[in-house]
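Right, one structure below, let's go through it.
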Amino acid sequence: MGKELSSGENPAIDEGREDAPLGAQGGKFLTFFLGAEEYGLEILRVFEIIGMLSITPVPRTPAFIRGVVNLRGKVIPVVDLRLKFGMEPIRDTEETCIIVVQFRGAEMGIVVDRVSEVLTIPAAQIDEPPAFGPDINTDYILGIGKTEGKVKLILDIQRVLAAQGTVDIGLAKGTEARQPGAETLAA
């Protein structure tokens with residue numbers, strides 16, 4: 001992609017409120033695919049996009065935690081978003097990649113089938129998540145973006161990673177987190 005991101009564009013992060021949801025207000029979103037479905041997440045939560053690296057499994061972790069990677073000397077936990085969402089696992093392809101995001105003051109990788117594009121979705125084109133009843137939790141969905149006749153689920157990546165047992169592997173005390181957007185996106 002080659003786009004330089006600047007944390008100065010995000011007042012929530014600049015003021016230290018990294019968990020403040022921005023998506024329902026509209027803005028820029030990185031879109032990606034899991035199977036045939038397209039999802040989006042706030043571009044300002046993304047540090048970088050990297051190709052698949054060798055992932056070291058960590059024993060006794062949930063199946064959706066692939067393990068850890070060594071990214072330029074820093075150990076980063078990696079979650080397989082397909083498995084986190086209860087989808088069937090597939091083999092990695094040339095398009096499979098890791099999106100490195102900010103999570104609880106540190107970096108975490110999420111494995112996706114392929115990255116699509118960076119879109120600007122105005123607030124007027126983002127609907128509230130539908131209500132499926134009291135037994136179905138959709139708190140991890142910031143909204144439903146409608147662009148070019150298609151629907152994209154906009155994820156609250158903080159809630160996705162915090163839900164259902166994602167653990168803070170590799171998040172050591174004293175780890176200094178980079179500001180989101182400090183890296184160049186590299187597809």
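The values are calculated or read from the model by the stated rules, or taken from the named source; none is laboratory data. Since the model is a prediction, treat every value here as computed from it, not as a measurement. Cβ sites come from the backbone with ideal geometry, for glycine too, and all protein chains shown count toward neighbours.
Descriptive notes on the structure:
- Among the residues examined, Leu171 does not qualify as modelled with pLDDT under 80 and surrounded by 19 or more Cβ atoms within 10 Å (Cβ to Cβ).
- Looking only at residues in region 108-127 that are in a strand (DSSP E or B) and farther than 13 Å from Phe29 by Cα, the one that is farthest from the chain's Cα centre (by Cα) is Asp127.
- Against the conditions (1) of a type outside the set (Val, Ile, Thr); (2) surrounded by 12 or more Cβ atoms within 10 Å (Cβ to Cβ); (3) at pLDDT 90 or above, Glu117 satisfies every one except (2).
- Taken as a whole, the condition of being within 25 Å of Lys28 (Cα to Cα), in contact with a strand residue (DSSP E or B) (Cβ under 7 Å, 6 or more places away or on another chain) and modelled with pLDDT of 95 or more applies to Ile49.
Results for (1) modelled with pLDDT under 90; (2) surrounded by fewer than 17 Cβ atoms within 10 Å (Cβ to Cβ); (3) hydrophobic (A, V, I, L, M, F, W, C), shown as yes or no for each residue.
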site: Lys3; (1), (2), (3): yes, yes, no
site: Phe33; (1), (2), (3): no, yes, yes
site: Asn70; (1), (2), (3): no, yes, no
site: Gly73; (1), (2), (3): no, yes, no
site: Asp80; (1), (2), (3): no, no, no
site: Thr93; (1), (2), (3): no, yes, no
site: Ile99; (1), (2), (3): no, no, yes
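- Any chance Glu42 is surrounded by fewer than 19 Cβ atoms within 10 Å (Cβ to Cβ), in contact (Cβ under 8 Å) with a residue 60 or more places away in the chain and closer than 18 Å to Lys152 by Cβ: no
- Residue check, Val111 under 19 Å from Leu34 (Cα atoms), at pLDDT 85 or above, in contact with a Cys (Cβ under 9 Å, 6 or more places away or on another chain) and surrounded by 14 or more Cβ atoms within 10 Å (Cβ to Cβ): yes
- Some residue of region 75-91 being touching a residue at least 40 places away in the same chain (Cβ under 8 Å) and closer than 13 Å to Glu48 by Cα: yes
- Annotation note: Cβ proximity below 7 Å between a residue of region 129-149 that is within 15 Å of Tyr39 (Cβ to Cβ) and a residue that is among the β-branched types (Val, Ile, Thr) and modelled with pLDDT under 75 (sequence gap 6+ or interchain) occurs for Pro129/Thr138.
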